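The values are calculated or read from the model by the stated rules, or taken from the named source; none is laboratory data. Everything numeric in this text was worked out from a predicted model, so none of it was measured. Glycine gets a Cβ as well: all are built from the backbone with ideal geometry, and neighbour counts include every protein chain shown.
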There are 2 protein chains.
Amino acid sequence: MNERELVAWIQKRAPHFGQRVSVSIGDDCAVYRPGLNEDLVLTTDFCNEGRHFNLGDYTPADAGFKALARALSDLAAMAATPDFALVSLAAPADRVREFMTGVFRCAKKYKVTIAGGDLTKSDRIYCDITCAGLVPRGRAILRSGAQPGDNIYVTGPLGFWKTRPVPRLDLVELLRAKATAAIDLSDGLLMDLERLLFASQVSASLTQAPRAQRGATQRQAWQEGESYELLFTSPHKLPFRALGQVTRGQAGAIYYDRQRLTAAGWDPFR
Amino acid sequence: MNERELVAWIQKRAPHFGQRVSVSIGDDCAVYRPGLNEDLVLTTDFCNEGRHFNLGDYTPADAGFKALARALSDLAAMAATPDFALVSLAAPADRVREFMTGVFRCAKKYKVTIAGGDLTKSDRIYCDITCAGLVPRGRAILRSGAQPGDNIYVTGPLGFWKTRPVPRLDLVELLRAKATAAIDLSDGLLMDLERLLFASQVSASLTQAPRAQRGATQRQAWQEGESYELLFTSPHKLPFRALGQVTRGQAGAIYYDRQRLTAAGWDPFR
């Protein structure tokens, strides 16, 4: 298939929900009509062969599913409901349809309109997805809202990369109602907790370890990324594993049983 | 520099205009507050080493400038005013700052807020930029609006790739007032004209050749892409090179001196 045939193939299958995206694939740009009293929440994430997945462990379709799910996890961490996405794909011609099939599967599952994208050739798969979601005005949950005295929660067991990530969009309403700050656990609990604390200019005093996934070590639960669970803070008592509390103190400092922990997680430039 | 240091470097220098982007680099997502009575126009474009530029011909900063300018050219073709961009960059660690310096130079020149992005490591530069612009509601100029009898205009001389593209944002007001359809000339005049005609379900009868850039052949003017000029249709008489007229007939057919021309341009999957 040449470029035009591939774009036609994609255009025919791209999921579309609602009326807000009035122009999608097939023009220079997509056109979107915003609603009243809503903020748009936007994220962009690479999902690249050899770095974020290998074709030994993933089918191209699973890699495509993950590429969109990664972006949706960022939206969940802001308490946003997904709306539309733009998919930029650089790939060998014979991988395009398989990969996009996985993207579309994820888009259908979470009701995301594929509003456009870019397609070009590459010897390996490089995919960047920009995803937009909605929150009522001023209601996005940021990293910077944690208050001393808040409980620190993790939404599920941690330990190793999930090949088929499940973005925690089921928690969006709860976060809007109860959370003061949130972050998605993409780079490891310690590193992401440190980021949240730093953004909020607070410390943490932990008394509980995170739950480990079956087969994972405690060390993995603290350090491994890509669990696609959320870390959030709230003054409320909630049915999630509470690791401890937000405290006043040096921005970003984490204490566990009074010992200072150092963040170590996924740094792609190490 | 590790990832955190690079992100801090970027965060400190990223241009920011106006109040609409309330959360930018440093959280899971950007937060944007849409205005009233406006449509958002969104595009995403790869600019990849070895495909869209080579570091023999471009400095990393020039490549970064071009990466954003490509997206701005798409906005110009929809008659949209640029507002903000998200920059996803996969690159060797020692190229990041140089490349982003070029992106920021372009952002400052055209008043684009850098609202966020993604940064990861790669052995070559892969950059995907999503750019959002604004038009008054319902006023985006599409490819599909050309009417039989309209004149077909090209906004400048064509012929070879421009290393330092100048997106025709100076023409946004004129397009809104006068154009029925527009497209940016990214893949060559014949191929892009065919796309516009196909989207509008019309033919073209041409009587004039496009102006060739100094040093370019007539053949190059017809076929080479990446001129970053615009092709548009209008019922009005305007001070641009008019190639001919939109006619009823087979969708996408192009006639020049009564001979049928076939589109040939840049197909990345050939």
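Could you list all residues from the stretch B:198-237 that are in contact with a helix residue (DSSP H, G or I) (Cβ under 9 Å, 6 or more places away or on another chain) and assigned to a helix (DSSP H, G or I)?
Selection gives B:Phe198, B:Ala199, B:Ser200, B:Ala221, B:Trp222, B:Gln223.
Output yes when any residue across the stretch A:30-38 is away from chain B (no Cβ under 12 Å), out of contact with any Cys (no Cβ under 8 Å at 6 or more places or on another chain) and not β-branched (Val, Ile, Thr), and no when none is.
The answer is no, given that none of the residues of the stretch A:30-38 is away from chain B (no Cβ under 12 Å), out of contact with any Cys (no Cβ under 8 Å at 6 or more places or on another chain) and not β-branched (Val, Ile, Thr).
Scan the stretch A:157-176 for residues that are part of a loop (DSSP other than H, G, I, E, B) and at pLDDT 95 or above and jot them down.
A:Pro167, A:Arg168
Output yes when any residue across the stretch A:57-71 is within 12 Å of chain B (Cβ to nearest Cβ) and surrounded by fewer than 19 Cβ atoms within 10 Å (Cβ to Cβ), and no when none is.
no
Consider A:Ala140 against the criteria (1) more than 7 Å from chain B (Cβ to nearest Cβ); (2) under 16 Å from the mean Cα position of the chain (by Cα); (3) not hydroxyl-bearing (Ser, Thr, Tyr): it satisfies all of them except one. Which criterion is unmet?
(1)
Might you check whether a residue that is at pLDDT 95 or above, within 30 Å of B:Leu89 (Cβ to Cβ) and away from chain A (no Cβ under 13 Å) occurs anywhere in the stretch B:197-208?
no
For residues that are surrounded by 21 or more Cβ atoms within 10 Å (Cβ to Cβ) and within 19 Å of A:Phe65 (Cβ to Cβ), tally how many sit in the stretch A:15-48.
6
Report, by residue number, each residue of the stretch B:29-58 that is of a type in the set (D, E, K, R) and under 26 Å from A:Tyr126 (Cβ atoms).
Passing the criteria: B:Asp45, B:Glu49, B:Arg51, B:Asp57.
Count, please, the residues in the stretch A:133-158 that happen to be surrounded by fewer than 18 Cβ atoms within 10 Å (Cβ to Cβ) and of a type in the set (Ser, Thr, Tyr).
Within the stretch A:133-158, residues that are surrounded by fewer than 18 Cβ atoms within 10 Å (Cβ to Cβ) and of a type in the set (Ser, Thr, Tyr) number 1.
May I ask you to verify whether B:Ala80 is crowded, with 24+ Cβ neighbours inside 10 Å, of a type outside the set (Val, Ile, Thr) and at pLDDT 95 or above?
yes
Spot the failing condition for B:Asp83; the list is (1) farther than 24 Å from A:Ser186 by Cα; (2) facing chain A (nearest Cβ under 7 Å), and only one is missed.
Going through the list (1) farther than 24 Å from A:Ser186 by Cα; (2) facing chain A (nearest Cβ under 7 Å), B:Asp83 breaks only (2).
Go through (1) in a strand (DSSP E or B); (2) touching a Gly at 6+ places or on another chain (Cβ under 6 Å); (3) over 22 Å from B:Ser122 (Cβ atoms); (4) small (Gly, Ala, Ser) and name the single condition A:Ser88 misses.
(3)
Here is a list of conditions, (1) at pLDDT below 95; (2) within 13 Å of chain A (Cβ to nearest Cβ), and B:Leu231 meets all of them except one; can you say which number that is?
The failed condition is (1).
Do you know which residues across the stretch B:177-189 are buried (at least 21 other Cβ atoms within 10 Å of the Cβ) and assigned to a helix (DSSP H, G or I)?
B:Leu189
Looking at the stretch A:1-29 only, could you name the residues that are basic (Lys, Arg) and at the interface with another protein chain (Cβ under 8 Å from one of its Cβ atoms)?
Within the stretch A:1-29, just A:Arg4 meets the criteria.
Residue check: is A:Asp118 among the acidic types (Asp, Glu), more than 14 Å from chain B (Cβ to nearest Cβ) and either closer than 21 Å to B:Cys131 by Cα or part of a helix (DSSP H, G or I) (or both)?
no
Outside any strand (DSSP E or B), small (Gly, Ala, Ser), over 30 Å from B:Pro235 (Cα atoms) and touching a Leu at 6+ places or on another chain (Cβ under 7 Å) - does that describe any residue in the stretch B:102-113?
Going residue by residue through the stretch B:102-113, those that are outside any strand (DSSP E or B) are B:102-112.
If we keep only those that are small (Gly, Ala, Ser) as well, we get B:102, B:107.
Filter once more, keeping what is over 30 Å from B:Pro235 (Cα atoms): B:102, B:107.
Keeping just the survivors that are touching a Leu at 6+ places or on another chain (Cβ under 7 Å) gives B:107.
The answer is yes, given that some residue of the stretch B:102-113 is outside any strand (DSSP E or B), small (Gly, Ala, Ser), over 30 Å from B:Pro235 (Cα atoms) and touching a Leu at 6+ places or on another chain (Cβ under 7 Å).
If you check every pair at least six apart or on different chains, which have Cβ atoms under 7 Å apart with a residue in the stretch B:209-225 that is assigned by TED's automatic domain parsing to the domain that holds B:Gly156 first and a residue that is surrounded by fewer than 19 Cβ atoms within 10 Å (Cβ to Cβ) and of a type in the set (Gly, Ala, Ser) second?
B:Gln218/B:Ala209; B:Gln218/B:Ala212; B:Gln220/B:Ala212; B:Ala221/B:Ala209; B:Ala221/B:Ala212; B:Gln223/B:Ala264
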